[in-house]
1. Within the set LYS135/LYS334; LYS220/LYS301; LYS77/LYS123; LYS301/LYS353, which residue pairs have Cα atoms separated by over 30 Å?
2. Could you point to the residue in GLY323, ALA362, THR282 farthest towards the positive end of the chain's charge dipole, with +1 and -1 charges on the Cβ of Lys/Arg and Asp/Glu respectively?
3. Per DSSP helix of 4 or more residues, -39500 (n - 2.57); summed, then divided by the residues of the chain. What does that give at 222 nm, rounded to the nearest 500?
4. Hey, fewest Cβ within 10 Å first, where do TYR197, TYR316, TYR158 land in order?
5. In whole angstrom, how long is each semi-axis of the equivalent ellipsoid of the stretch 39-342, when you take the square root of 5 times every eigenvalue of its Cα gyration tensor and sort them from largest down?
6. I need LYS336, LYS135, LYS73, LYS84 ordered by Cβ neighbour count within 10 Å, fewest first.
7. Whole-Hz Karplus ³J(HN,Hα) for the stretch 278-284, in order, using 6.51 cos²θ - 1.76 cosθ + 1.60 and θ = phi - 60°, x for Gly and Pro?
8. Excluding residues on the same chain fewer than 8 positions from LYS359, give the lysines whose Cα lies under 22 Å from its Cα.
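Derivation of every value follows stated rules applied to the coordinates shown; laboratory data play no part. Predicted model only: the values in this text are computed from it and were never measured. Ideal geometry is used to build each Cβ from the backbone, glycine not excepted, and the neighbour counts take in all protein chains shown.
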Amino acid sequence: MSYLPRMLLGVILLSMVLPQAHAQKKKGGLMVDATELPQVAAMPDAFPQILGTQIVTPAYKFTKEDGVLEAAKEMSKMGSRILKVSVAPGPQFAELITLPFTHYLIWYRSNNDWVTGLTPEMKRREYNAMYAFTKDLLTRRDAAGKTFFIGHWEGDWYLLPSMNPAGDAPVEATNAMIEWLNVRQEAVDAARREVPYARCRVYTYTEVNRVRDAMKDGKKRLVNVVLPKVNVDFVSYSAYDVQLKTGEEIRATLDYINQQLAPKANLPAKRVFIGECGLSWTACGGDGKVHEQKNREIFTKFLSWRPAMVLYWQFYNNEMKDGQQVGFWLVDNKNKKTPLYETFRALYEQQEKLAKQIKLNARRLPTMEEVATFSENWLTQVGH
């Protein structure tokens with residue numbers, strides 16, 4: 001029996017003994033338990049895909065179309081159901097919503113203009129913008145059944161002067177960030193309360209990126225001086241400072257982040273996901289096989305903790321050094337698909353087969369745990 005049928009059989013048998021209540025919690029293809037929130041319509045055959053990628057300020061494109069939109073369409077063709085972008089509300093964003101993604105991550109008003117303190121006018125503008133954006137998403141017909149995560153880029157770099165990791169985050173900056181994040185959350189909460197028949201789900205997140213500084217060296221960072229004092233829904237981890245550690249060390253680091261969060265009603269116990277990870281083409285010596293293998297190993301280590309998402313940086317490269325492409329890509333600047341692209345495409349294909357088998361046998365779609373288990377095992381086995 002080939003590897004895929006063995007995997008399918010194991011997951012199908014597991015699915016048949018899972019309590020029906022567990023399946024109910026995943027209604028609508030959501031990655032989270034939101035049983036006490038208003039139900040939203042499910043997208044057809046939508047399930048939590050977990051492993052994904054993103055497109056932000058690409059360094060190249062191949063058509064006359066906007067680079068982000070072009071890349072997003074190519075990501076969808078690859079099979080991805082997850083899209084992460086930095087796009088403000090408007091025509092471009094409206095077109096992205098029409099694409100068949102189920103989960104969107106959006107850097108929105110991502111800056112540190114607040115770092116020396118939030119004025120009353122800044123608070124008003126931030127609240128109003130977040131409230132209006134959330135309410136628009138919740139009521140859009142073309143957003144029906146989708147899940148949106150509104151957040152920002154690497155927060156520790158916002159806190160640290162000149163992005164210098166040598167010292168602690170200044171008290172003034174950390175206090176301002178606490179206030180900024182709480183204002184954003186209050187606005188989203190208000191919009192969610194006022195739309196009892198929401199068409200989609202909208203959550204907030206903050207992004208940490210210097211976790212090991214706090215965990216190992218006791219330095220003041222977002223994770224230990226800001227996170228315990230805010231009410232955000234989720235935490236994104238830009239995880240370059242841990243991705244080459246052992247699986248055990250990675251799981252301990254994710255536990256550490258998650259422990260800084262106060263429990264929150266209607267959300268899962270684990271509220272940390274991997275917002276960025278991965279090695280570039282040049283870091284792997286320009287060898288496609290090495291690039292695929294090392295990144296696949298990174299993904300499996302993160303998946304072992306069971307985060308809701310693990311996102312590779314990124315689809316088209318955005319970083320140049322000495323006039324050369326660094327190679328954070330799945331498709332290079334010559335429009336050539338890398339071996340890692342083919343791994344993503346093949347995994348998505350196998351996930352779809354898994355979903356069809358579970359739907360046929362158990363009359364439901366796979367849960368996050370089932371997809372994560374299948375994906376971790378498939379990625380581990382594919383290299384052997």
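1. LYS135/LYS334; LYS77/LYS123
2. Value: ALA362.
3. -13500 deg cm²/dmol
4. Least to most surrounded, the residues fall as TYR197, TYR158, TYR316.
5. 28, 25, 19
6. Going from sparsest to densest Cβ surroundings: LYS336, LYS73, LYS135, LYS84.
7. Going residue by residue, I get x, 9, 7, 4, 5, 5, 9 Hz, with x marking Gly and Pro.
8. LYS25, LYS26, LYS27, LYS146
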